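> Below is the structure I would like to discuss, written out as structure tokens.
Here, each number is a calculation from the coordinates, and none is a lab measurement. Everything numeric in this text was worked out from a predicted model, so none of it was measured. Here Cβ is always computed from backbone atoms with ideal geometry, including for glycine, and neighbour counts include all displayed protein chains.
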Amino acid sequence: MIHHRCWRWILPAIVLVSSGCVVHETRPLPQLQATQATASIAPEQLLDLGLHVFHPGVAPEIVENPELGEQQRIFVEIRRAEARYLPTHLRGVLEGTGHWGATRVVPASVQSFDVTVDGRILESTGTALRIAVTAVDATGRVWLDGQEFQGLADTRAYRPDRVSVRDPFENVYVAVAEALLAARNRLTPAEIAEVRRVAELRFAADFAPVAFSQYLAREPKTGRYHATRLPAADDPLLRRIGQIRERDYGMVDAVSEHYASFSEQIAAPYLDWRRYTYDEIVAEEKLKAQARNRIGLGAAAVLGAILIPDSCSSDTCARATDAARYGAAAGGVAAVVSGLRKRGEAKIHTESIREISSGFDAAAAPLVIDVEGRTLRLTGTAEEQYAEWRRLLHELYREETGLVPSAPASGGEAQAAVPGTG
């Protein structure tokens, strides 16, 4: 019989070599729904929303060195696409509630809406989404000040047999919609009407500052706008401005539909990318955990083999000791090698994510649209195209009225973005 002192060293070595780890799967998340309007809202109480193309949240050094971003799971090509896709999906959620007027996705230089919404992508993978949202109305009232919204992926969206087309991060969009609705509900009907008036007057003052700036005042401390008085309803200049604004609406609609078409085109490959990155991230984390466990357990097993005593009181004990020593050492080395191999597999998974991301941007082909007899190629230059459009509107106003308008917006208020997100 093997001496009990031998088992005192042999058993821990055997246990260490044979130990493993357990990975727990997450449960499906509750599916939140945005609050729906229970009755029709009077047109004069509906506010138009302008959702700016999101800031992709990519630092300049990552743009210059994409591999640096990949180490942080930031893929430049994907973020460029997401900067357009995320606000477009948010638009759909907001429109479905019935609480808002026209809701459009536009370049960041467009400031003619009752409420403008800006977003910045802080984190976006197949497992988690985190964005910061700012919303300001035409009077300068801040609704949301960089408020963060985040959520984990609802893995039901990744199932091959899924029936619903619900976005894996639908809960995040719903949370943004609820926050905007709560901010709107804090306004009185008179305040909502004031927002609409100020938006109209600011648009008019951009084209004819001499004629319309007199109707606006801005508080020096708060920067808030308010209407001091209103122009006559039959003012011919106001009527001309109204016609120009309708033309501008047409361009805004065209730009917004460009983003919508873009999002439709990339929806399927983007979901596949999200699903794949989710699987890869989970697999990579699992492999890393297994690698740590196997390397640690393997090293402990080797140490246990070294610490097994040489002295035994019987030949049987000696033979068992030798077997345990060499078995533990061999098993420990094998565990270390296995752990290193799994780390290599994790790197391969990371590389595969990079390859998918590199090819992703090619799937989001740009569109060419005709607006007012002009053919515009709206890709990364949508911001520039809209600036050119506003310049043409100013020229049109000058030709129709003989008045010199103010300089068109150059996009100076636009957020910094990765080239190609426009």
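> Once you list every other residue whose beta carbon is under 14 Å from the beta carbon of PHE212, what net charge do they have if Lys and Arg are +1 and Asp and Glu are -1?
Cβ neighbours under 14 Å give a net charge of +4.
> I'm a student and want to see the number: the projected area of the Cα convex hull of the range 56-177, averaged over all directions, in nm².
8.7
> At 0.36 nm per residue, and after removing the present C-alpha to C-alpha distance, how many nm does the segment from GLU246 to ALA233 gain when stretched out fully?
3.0 nm is the gain from fully extending GLU246 to ALA233.
> Need one number: convex hull volume per residue for the range 199-282, Cα atoms only, in Å³.
Hull volume over Cα atoms, normalised by residue count, gives 144 Å³.
> Return the ratio Rg/(2.2 N^0.38 Å) for the range 43-261, where Rg is computed over Cα atoms only.
In units of the 2.2 N^0.38 Å rule of thumb, it is 1.14.
> Sticking with the crude label model, points 7 Å out along Cα→Cβ, report the distance from GLU395 to GLU61 in nm, one decimal please.
4.4
> A further question follows. Provide the gained length on full extension for the span ARG224 to LEU122, in nm with one decimal, where the gain is 0.36 nm per separating residue minus the Cα-Cα distance.
Contour length minus the Cα-Cα distance gives 33.8 nm.
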